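Down below is the structure, laid out as structure tokens.
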Amino acid sequence: ELQEKTLVLVKPDAVQRRLVGNVIQRFERRGFKLVAMKLLQADQGLLDKHYQQLRQKPFYPALLAYMTSGPLVAMVWEGYNVVRSTRAMVGDTDSAAAAAGTIRGDFSMHVSRNVVHASDSVETARREIGFWFQRDELVAWESGDQDYTYG
Ligand code: DAT
Ligand code: MG
């Protein structure tokens, strides 16, 4: 599926630390296509939906405070196997365990400030994209290097 999509959030710590460009560059360099992007201040209602599986966790209040502490960048990336490839590029949830070369492994040390979010399955991605973007905010466009990316 060449049009598989995933949601990536560049979290508030990464915006503050001026890492947005570096994160974008990694996905561009891999060959994925950017189909939506915006800077926004997330509110609790949005995060309660996004993290509905985690709302009962003891760390949830701290997670909410972190994720609402400043603006974040929400993006949708498209391409072959993008969900799994992006998770591999992001690295382990716990930054302390994340491999060098991954985004978390290169830019963070601790699970509570782990720089980025990426959807964990195609189905999760579909739901998450719906929380963060209106349908008309996704842009369908032809990339000129298609033949050199996929053969
Ligand atoms: P991921 O972001 O890798 O998909 P997740 O969905 O399990 O990980 O958790 C979402 C976020 O919640 C994660 O990026 C950071 C935070 N989190 C997870 N486990 C945590 C923990 N044990 N302590 C503090 N924050 C945690
Ligand atoms: Mg997750």
Q.
Show me the ranking of peptides 56-67, 121-132, 73-84 by mean Cβ neighbours inside 10 Å, starting with the highest.
A. 73-84, 121-132, 56-67
Q.
What are the ³J(HN,Hα) couplings of the stretch 33-44, residue after residue, when phi is run through the Karplus curve with 6.51, -1.76, 1.60 and θ = phi - 60°? Round to Hz, x for glycine and proline.
A. 9, 7, 10, 6, 7, 7, 9, 8, 8, 6, 10, 4
Q) What part of the accessible area of the chain, given as a whole %, is carbon or sulfur when the probe is 1.4 angstrom? A) 50
Q. Put Leu138, Leu39 in order of accessible area, largest first, 1.4 Å probe: what do you get?
A. Leu39, Leu138
Q | Å² of accessible area per residue within the stretch 6-146, as computed with a 1.4 Å probe and no ligands counted | A | 53
Q: Could you list which residues have their amide H under 5 Å from that of Asn81, counting only those 5 or more apart in sequence or on another chain, with H placed in the peptide plane?
A: Glu4
Q) Looking at Gly70, Gln41, Phe59, which one has the Cα that reaches farthest to the positive end of the dipole of the chain (charges on Cβ: Lys, Arg +1; Asp, Glu -1)? A) Phe59
(Q) Apply the a/c threshold of 1.5 to the C-alpha gyration tensor of the stretch 33-151 and tell me whether it is rounded, prolate or oblate. (A) oblate
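Rounded, prolate or oblate: pick one for the stretch 108-151, where a ≥ b ≥ c are the square roots of the eigenvalues of its C-alpha gyration tensor, a/c under 1.5 means rounded, and failing that, prolate if a/b is larger than b/c, else oblate. Display every interim value, and only then the final one.
Numbers: a/c = 2.45, a/b = 1.46, b/c = 1.69.
Oblate, since a/c reaches 1.5 and b/c is not below a/b.
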Q: Place a label point 7 angstrom from the Cα of Tyr51 along the Cα-to-Cβ direction, then list the residues of the stretch 3-17 whose backbone nitrogen is under 13 Å away.
A: 11-13
Q. Suppose every K and R has +1 on its Cβ and every D and E has -1 on its Cβ; what is the size of the dipole of the chain about the Cα centre, in Debye to the nearest 20?
A. 440
Q | Expected 222 nm ellipticity per residue - DSSP helices of 4 or more, -39500 (n - 2.57), all of the chain, to 500 | A | -10500 deg cm²/dmol
Q.
Let me check something: with ligands and nucleic acids excluded, how do Glu137, Glu4 order by accessible area (1.4 Å probe), largest to smallest?
A. Glu137, Glu4
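The values are calculated or read from the model by the stated rules, or taken from the named source; none is laboratory data. No experiment lies behind these values; they were computed from the predicted model shown. Positions of Cβ are generated from backbone atoms using ideal geometry, with glycine treated the same way; all protein chains shown enter the neighbour counts. In case anyone asks, the SASA skips ligands and DNA or RNA and just uses the protein heavy atoms, side chains included. Shrake-Rupley method; radii C 1.70, N 1.55, O 1.52, S 1.80 Å.
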